[in-house]
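The values are calculated or read from the model by the stated rules, or taken from the named source; none is laboratory data. Quick caveat, the model's predicted, so the values are computed rather than measured. Neighbour counts are summed over all protein chains in view; Cβ atoms, including those assigned to glycine, are modelled from backbone coordinates with ideal geometry.
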Amino acid sequence: MDKETDLLSRLAANHLHLAQFEPLRAILTSLRTKNPDLALAILQTIVSNSGRFDNTLWSQSCPNPSLLTFLSTLELLQLNNPTSHTWRFDSVTLRLRVEFLLLIQLLIDRVTESLRKNVDLDRFEKEEGEIGVGESSGGRGEGEGEGEGEEEGFLDNFEVLKDGSGELEVLDKVLEFGVKRLKGDVDLDGNEVGGSGRGEGSSSGGVVAIEEGEMMCLRKVILDNADVFDALCWNVESQMKGMKVENENLGMEITVRGEESEKVEEEGVELFDLIRKCVQLAHLDAMKECSKEGDEGVFSHIRFLHLDRGLEESEYRIVLQDLLVRVLSKRKGYGTSWHVMQEKLLRIYEEALSSNCRHLVEMIQAMLRTLLLNDFGIA
């Protein structure tokens, strides 16, 4: 390695540990002309480690490892053979796995920010200390009423933190799953990493066990971040299609390596299925609650329904039929109520079309036709 290349490498390391991506990008651009293999190796190292390096000082422009991984992947994909010597999958799969990581990190950041807004952490720690001192001194004395109020506020904050910590714990598990799936399959010498099956970075990846009950604690997070979870579901489905193709191409290899790889592969698919299923359950439950309360917000959940994401078709039928019956029951003659009913039906169709699920639209259309013919006598 010549002196200039060595200097550029040191500068790249400095910018990396300071989380200064734009200067790092400029250094890597220079390295690409002098030593493209070294630039490729640096970017692959960043991505395969999911941007996690000791003693990194995260900056405002690059506040977490997931964003660093995503930005590095964008640069990596501009190079020739971006996954060579590190992963056995292609560049499309790499992009999907990195996007998965970024989406989960976005959810973690939003939950954390929500906790900070709802709970004054400094005040919480102060109140925790004061209550502890009060209990140890015994009795409440003259400030008993005030102390009760402070303790009640402390308990409220504690409940908020408890719920938030549970949500973050589940999201952290999913994030770790994404991190393990970016680990390299082979080392610099071309040897398989880990020595078992297809390596942690293969399509199976390392799986973190998450039960359905744990995932459903994210119900509020799912509803508050519906667009992010919708993007996450599309990402997961694209990955599952890629995993299926990869398994078909490597069928002989999987058979030789035994049942262990197949088991891990199945567990990875189960986690993806669980994510999609829980998103659907959250929106259906929200629709049931909104329908009972007559909340117009019920329509906004329809765009996030998809009939091929782990639930029985009958579960969708029950909720949608109840909604249609409620809308049609508001009609009284051909006056204002008729136009209101038409507007609501059009809103249902609009949201269903936005779901990009043809089967859902066809189901609503068939159900509406049946209701109009049988129950309301409208041809």
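With respect to the conditions (1) acidic (Asp, Glu); (2) touching a Lys or Arg at 6+ places or on another chain (Cβ under 9 Å); (3) without any contact (Cβ under 8 Å) to a residue 12 or more places away in the chain, residue 362 falls short on a single one, namely (2).
When residues in region 1-24 are screened for being under 31 Å from the mean Cα position of the chain (by Cα) and among the hydrophobic types (A, V, I, L, M, F, W, C), 7 of them pass.
Once region 25-67 is narrowed to residues that are more than 24 Å from the chain's Cα centre (by Cα) and small (Gly, Ala, Ser), the residue that is surrounded by the most Cβ atoms within 10 Å (Cβ to Cβ) is 39.
Filtering region 64-102 to residues that are in contact with an Asp or Glu (Cβ under 8 Å, 6 or more places away or on another chain) and either farther than 23 Å from residue 22 by Cα or at pLDDT 95 or above (or both) leaves 64, 70, 86, 87, 88, 89, 93.
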